[in-house]
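Reviewing the structure listed below.
The values are calculated or read from the model by the stated rules, or taken from the named source; none is laboratory data. Bear in mind that the values here come from a model prediction, so they are computed numbers and not experimental data. Here the Cβ positions follow ideal geometry from the backbone for every residue, glycine too, while neighbour counts run over all protein chains shown. SASA here: full protein model, heavy atoms, side chains in, ligands and nucleic acids out. Shrake-Rupley method; radii C 1.70, N 1.55, O 1.52, S 1.80 Å.
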Amino acid sequence: MRITLSYHVLLVVLSVVIAVASSFVALNYVRRVIPLPRSQRRLGLAAGAVALGSGIWTMHFTGIMAMRHAAFMRFDGGWTVFSWALAVVAAYAALTWLVRMVPGSWQNTAGVALLLASGICAMHYSGMQAMQGMRLSYNGIWCVVAFFFAGMGAAIAAWAFQAHLQTPQLGWQARLLAALGMGGAISGMHYTAMAGTTMTLVLPVASRSNNLWPPGGWLAVALCCAVAAIMGTLLLTLLVDKQEEVRARRRADLHYRALFDNNPDLVVGYDATGVITEVNAAALRILGYTPEEMQGKPFTTFIAPADRPLAWQEYSRVLRDGSAAYELNVIHKNGTTVRMAVTKILVRDETRMLGVFAVGKDVTDRYRTEEALLQAEKLRVAGQLAAGVAHEIRNPLTAIRGFLQLLQERVQAYGTYFAIMFSELNRIDQITGELLAMAKPQFPVYQPCDLEALLAETVALMSAQANLYKTELVLSRAEGLPPVQCDQNRIKQVFVNLIKNAIEAMPQGGQVVISAKPAGSHHVEVTVCDNGPGIPPDVMQRIGTPFITTKPHGTGLGLMVCAKIIYDHGGELTLDTQPAAGTRVCVCLPVRPQPSRPTADPSEAPADKPANRPVPTLTNSLL
């Protein structure tokens, strides 16, 4: 009696689910064993092969049981076990090749597909051979079509799985696609092959019941156990994957927090609109703010106004290119600026931008050192220029002065004109003298000096000029001021110059406060403060440059000479000013300096002198 094929739909669906689930479990095993040592990898591949082979076998016999005439069928135990073993061996070979295949190689993908399709077909037809009491015949065309379906599904599975290995961000979606491809290969091959199979009952009919299970339901029990094992393994795999994902996310969060919180450099995170969302402890320490004062505000709030256009320009480049590096000035809470070398990085997930992280390194000291080196180079160049100018001007200047004196003796008229000419000649002589003071090597004579007495003598010397300008000189005396090893005449020249500048900065009168105090155990700090109009910011930025001055008849050379003298003593001269609030000049001298040759280039110091000390020269800071 020829049997007409018809199926229980629910069992057909169950068979497809079994194929997909077993494929997912097998591919998950393979994904886990790839990084393991060779011996453990083989064990993992064997477990995956058992899962996939059992899924192929279970899907096949579940599909057989889905036939409405399954009650007439009997199965040979030997062929049934052999078909299972054949499926496991073929699955092991295909998975091993899948692990070893070169990514992107279509030859390897085709090889895995052919091997797996051959295993599926071999298992199917050996499982069909296990059927007893049936005469089977196969249509060749349908057999070829079934093999084609198996190969295409296996190729899709191999391609999707390799894509997942190359791009882990694809996650479970790529694994699911691979499992659907492989499950489709298994179930598609089975039902296509069954469509080309003719079955004829040759044994007497023992029962015409449409009972689902055959007599001697050992196969039913085996199928139920296999289905339970596959589904249980699938659920366990999904649970383990979820736990690993949670642990990986927790580890990433811990690593991120450790890098963020313990980073010695400033780290600031802000969202896509530029609003600060988080700051680390180093940022709070460097800038002096609290988290509440920074979070929720645009990042440009803390950028120096002059650098805000640069900050927005670089922010646009971060959004376009993903990163940017540059330097700018950041505003400290106390109003001063901090020079920062900033690197900004764009943070995004697969679909959208999450924000930007800015990592900044405080390079204020380096920036000031570079300015000091530049200032030292200016002094060196100015000294070389001064030597040539003074040599070329002083000789003809002497001749001009002499002939003017002779003319003045013989010509009684024009006395006013002669006075003006002698005044201008004296001014030229003064300028060339200051130039020579910078250019001429000076070897200071270091002796113990009572700095308080030297300041008192200087104040007494300048009191007459102070009275002419209606200016009060106030000397603040500090107790315990240690004696300083210095060249008294040159240091006195510095104090005279600074006090003179302070007096001339207040033509309407005012007060100049001179104070001295210990600065630590190895330095003494002398300050000269006036309450004049201060130095304009544009002049302050170029202070120390020759001929940059605020005085109508000044040359700007006196301050450079002072800076050079302080440099020769191993000290530092700094200026702080505020418009309409006066200027404060600070001279910091070491108690026991290590003198170097008077040159602006520390690399030219003699071999017996330390040349690796910082370049102490004129530095500026705007309050």
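Just name the residue that is surrounded by the most Cβ atoms within 10 Å (Cβ to Cβ) out of those in the range 279-334 that are within 22 Å of residue 256 (Cα to Cα) and among the polar types (S, T, N, Q). Within the range 279-334, the match that is surrounded by the most Cβ atoms within 10 Å (Cβ to Cβ) is 280. Among the criteria (1) at pLDDT below 75; (2) under 55 Å from the mean Cα position of the chain (by Cα), the one residue 71 does not fulfil is (2). For the range 140-152, the set of residues classified as surrounded by 15 or more Cβ atoms within 10 Å (Cβ to Cβ) and not small (Gly, Ala, Ser) consists of 142, 143, 145, 147, 149, 152, listed by residue number. Listed by first and then second residue, the pairs linking a residue in the range 74-101 that is open to solvent by less than 80 Å² (accessible area, probe 1.4 Å) and modelled with pLDDT under 80 to a residue that is among the polar types (S, T, N, Q) and part of a helix (DSSP H, G or I), with Cβ atoms under 6 Å apart and 6 or more places separating them unless they lie on different chains, are 101/108.
Summed over the range 449-490, the residues that are modelled with pLDDT of 90 or more and under 17 Å from residue 558 (Cα atoms) give a count of 0. Set side by side, the residues 470, 517 differ, and just one is among the charged types (D, E, K, R) and within 51 Å of the chain's Cα centre (by Cα), which is 517. Note on the range 458-488: residues that are within 30 Å of residue 509 (Cβ to Cβ) and of a type outside the set (Lys, Arg) total 20. Being under 25 Å from residue 61 (Cβ atoms), of a type in the set (Gly, Ala, Ser) and open to solvent by 40 Å² or more (accessible area, probe 1.4 Å) is a property that residue 137 has. Going by the structure shown, is residue 455 within 50 Å of the chain's Cα centre (by Cα), within 18 Å of residue 584 (Cα to Cα) and not charged (D, E, K, R)? No.
Taken over the range 29-60, the residue count meeting the criterion of being buried (at least 23 other Cβ atoms within 10 Å of the Cβ) and within 20 Å of residue 187 (Cβ to Cβ) is 12.
For the structure I just gave you, tell me whether residue 138 is modelled with pLDDT of 80 or more and either under 15 Å from residue 197 (Cα atoms) or touching a Cys at 6+ places or on another chain (Cβ under 6 Å) (or both). When the stated conditions are applied, residue 138 passes them.
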